[in-house]
Amino acid sequence: MIWSTKETLDREEIQLIQTEKLKKTVKYAYEHVPFYQEKFRTAGIVPEDIQTLSDLTKIPFTTKEDFRNHYPFGLFAVPKEKIVRYHASSGTTGNPTVVGYTKHDLKVWKECIARIVSMAGVTYHDTAQIAFGYGLFTGALGLHQGLEKIGAAVVPMSSGNSNKQIKIMKDWGVTTLIATPSYALHLSEVAQSLGIDPVEDLKVRHGVLGSEPSTEAMRKKLNQNWGMHAYENYGMSELGGPGVSGECPALRGMHINEDYFICEVIDPVTGEVLPEGEKGELVVTPLFRQATPVLRYRTKDITSLDSSPCACGRTTMRMSKITGRTDDMLIISGVNVFPSQIEEVLLSTEGIGSNYLITVSKKGYLDKMDIDVEVTDSSLLDSASSLDNLLNVLRKKLHTVLGIHPSIHLVEPLSMEASKGKAVRVIDKRNSEEK
């Protein structure tokens with residue numbers, strides 16, 4: 001279902017809307033946020049210099065460090081009396097990035113989410129269980145309000161207590177799961193361990209998943225385990241949360257809500273804007289935010305853009321699945337390795353579960369990579385020949401893809417700690433070991 005006619009406008013109409021909103025957004029940010037006045041002064045520009053979409057490149061980037069350096073409210077454009085809600089990032093590596101919302105901001109946010117869940121096939125007939133953690137994290141409340149807008153029944157479970165999650169799904173006839181891809185997979189394995197076949201015994205048929213990158217191998221496993229259609233969506237707290245884009249059934253990328261966001265892809269090293277179709281770092285400018293306007297935010301997420309026609313009928317630009325972050329590439333003995341490459345191999349190997357952890361360390365002067373991963377059946381660990389066969393298969397596949405030989409450790413099903421929010425997949429001990 002297409003929720004809004006704004007999703008099917010001609011490309012020229014979309015760009016006209018973006019141009020007018022961009023001029024207003026730039027003027028608003030400049031007049032209300034001293035940070036942007038200083039940025040513009042340093043760059044030698046004024047808001048009147050921004051008259052077309054191509055003028056966007058004149059504006060300096062905004063980064064996570066800018067948010068942190070102005071913690072908590074230094075990037076706010078309105079007084080506290082106008083704020084009706086706060087959200088923030090986890091702040092695990094520094095000050096949290098804090099964003100505020102006016103009533104107008106929340107209204108637009110709900111609209112963006114309504115479009116995205118509708119893309120995934122969710123309607124007022126559905127019951128949606130939200131297994132994101134509620135709190136400062138934008139995911140749970142963001143999806144919650146958009147689902148209510150379309151009339152779906154919301155089960156605000158929050159994350160954790162996996163056995164109870166499965167019981168509620170079964171007893172209440174839940175049809176839609178909202179979670180991170182990794183936690184959704186974990187829940188399917190928990191159900192199986194309880195003797196419940198999610199395909200036969202549960203009614204979950206839509207997965208609206210986000211908050212962390214995932215691979216096509218993970219989508220395939222999710223669809224198999226649940227008997228669902230898993231769709232991804234994209235957003236981040238600095239941009240106001242989920243709602244930037246989402247997948248339709250054609251699965252040819254995530255449709256961007258272009259009347260509310262301008263997306264660019266840049267070379268992460270030079271900062272130059274790349275042509276459509278080329279992979280690079282996503283940069284986003286929201287066109288509606290009153291409380292915390294943001295211009296050209298560098299997300300560090302790697303993607304590409306595509307404006308070719310989509311079978312679903314939407315005309316909006318699509319961004320490809322996030323394949324990694326500019327800051328999550330590992331260099332192992334001179335070889336570039338992305339965790340997503342490892343996940344593709346693990347999840348496409350029969351007998352291997354969804355929960356894994358990559359640990360990078362030093363052995364002498366050499367880099368060393370260890371991969372701990374659960375098997376799906378504990379009996380595989382009891383047979384030396386089965387264990388050897390599985391290890392050999394994994395070693396060959398990983399070497400083919402990565403060009404290195406990581407050490408692999410197979411462990412019991414459900415024996416590793418499962419992440420209930422964003423999954424921590426990599427621990428790099430090299431810097432701490434050198435200190």
Exercise for the section: In whole angstrom, note down how far apart the Cα centers of the stretch 334-407 and the stretch 64-99 are. Expected result: 39 Å
Exercise for the section: Quote the charge dipole size of the chain about the Cα centre in Debye, to the nearest 20; the model charges only the Cβ of Lys and Arg (+1) and of Asp and Glu (-1). Expected result: 880 debye
Handout entry: Compactness index (Cα Rg / 2.2 N^0.38 Å), the chain
Key = 1.01
Problem - Solvent-accessible area per residue, Å², over the stretch 200-318 with all protein chains present [probe radius 1.4 Å] - result: 32 Å²
Practice task
Quote the accessible area belonging to Val294 in square angstrom, nearest 10, computed with a 1.4 Å probe and with ligands, DNA and RNA left uncounted.
Solution key: 0 Å²
Handout entry: For the stretch 193-263 and the stretch 1-25, distance of Cα centres in Å
Key = 24 Å
Practice task
Please provide three numbers in whole Å: the alpha-carbon extents of the stretch 225-373 along the principal axes, with the largest listed first.
Solution key: 52, 42, 31
Practice task
Step through the residues of the stretch 98-113 one at a time and calculate ³J(HN,Hα) from phi using the Karplus curve (6.51 cos²θ - 1.76 cosθ + 1.60, θ = phi - 60°), rounding each to whole Hz and writing x for Gly and Pro.
Solution key: 9, 10, x, 9, 8, 4, 5, 4, 5, 4, 5, 4, 4, 4, 4, 5
Handout entry: Of Ala114, Pro79, Tyr124, farthest towards positive along the dipole that unit charges on Lys, Arg, Asp, Glu beta carbons give the stretch 75-141
Key = Pro79
Fill in the blank from the handout: Rounded to a whole %, the carbon-and-sulfur portion of the accessible area of the stretch 1-128 at a 1.4 Å probe is 54 percent
Exercise for the section: State to the nearest 20 debye the size of the charge dipole of the stretch 33-87 about its Cα centre, where the only charges are +1 on K and R beta carbons and -1 on D and E beta carbons. Expected result: 280 debye
Problem - Dipole in debye (nearest 20) - the stretch 289-435, about Cα centre, beta carbon charges: Lys, Arg +1; Asp, Glu -1 - result: 940 debye
Fill in the blank from the handout: Helix 181-193 sits off the longest principal axis of the Cα atoms of the chain, rounded to the nearest 10 on a 0 to 90 degree scale, by 30 degrees
Practice task
Mind checking which of Thr5, Val337, Ile404 is farthest towards the positive end of the chain's charge dipole, using Cβ charges of +1 (Lys, Arg) and -1 (Asp, Glu) about the Cα centre?
Solution key: Thr5
Exercise for the section: Give a quick list of chymotrypsin sites (Phe, Trp or Tyr not before Pro) in the stretch 294-376 that DSSP marks as loop, anything other than H, G, I, E or B, with at most 13 other Cβ atoms within 10 Å. Expected result: Tyr365
Handout entry: chymotrypsin sites (Phe, Trp or Tyr not before Pro) restricted to the stretch 1-62 and DSSP loop, no more than 15 other C-beta within 10 Å
Key = Phe61
Practice task
Any chance you could give the angle, 0 to 90 degrees and rounded to 10, that helix 11-32 forms with the longest Cα principal axis of the chain?
Solution key: 70 degrees
Exercise for the section: Sequence neighbours fewer than 8 away in the same chain don't count; with that in mind, list the aspartates and glutamates whose C-alpha is under 17 Å from Lys220. Expected result: Glu189, Asp197, Glu212, Glu232, Glu247, Glu343, Glu344, Glu350
Handout entry: Angle between the chain longest axis and helix 34-43 axis [Cα atoms, degrees, rounded to 10]
Key = 80 degrees
Practice task
Find which of Asn223, Pro268, Tyr28 sits farthest along the positive direction of the dipole of the chain, computed with +1 on the beta-carbon of Lys and Arg, -1 on that of Asp and Glu, about the Cα centre.
Solution key: Tyr28
Practice task
With just the Cα atoms of the stretch 95-151, tell me how far they stretch along each of the three principal axes, in Å, largest first.
Solution key: 40, 25, 15
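The values are calculated or read from the model by the stated rules, or taken from the named source; none is laboratory data. Computed from a predicted structure; not experimentally measured. Using ideal geometry, Cβ is built from the backbone for each residue, glycine included, and neighbour counts are taken over all protein chains shown. All accessible areas refer to the heavy atoms of the entire protein, side chains included, with ligands and DNA or RNA removed. Shrake-Rupley method; radii C 1.70, N 1.55, O 1.52, S 1.80 Å.
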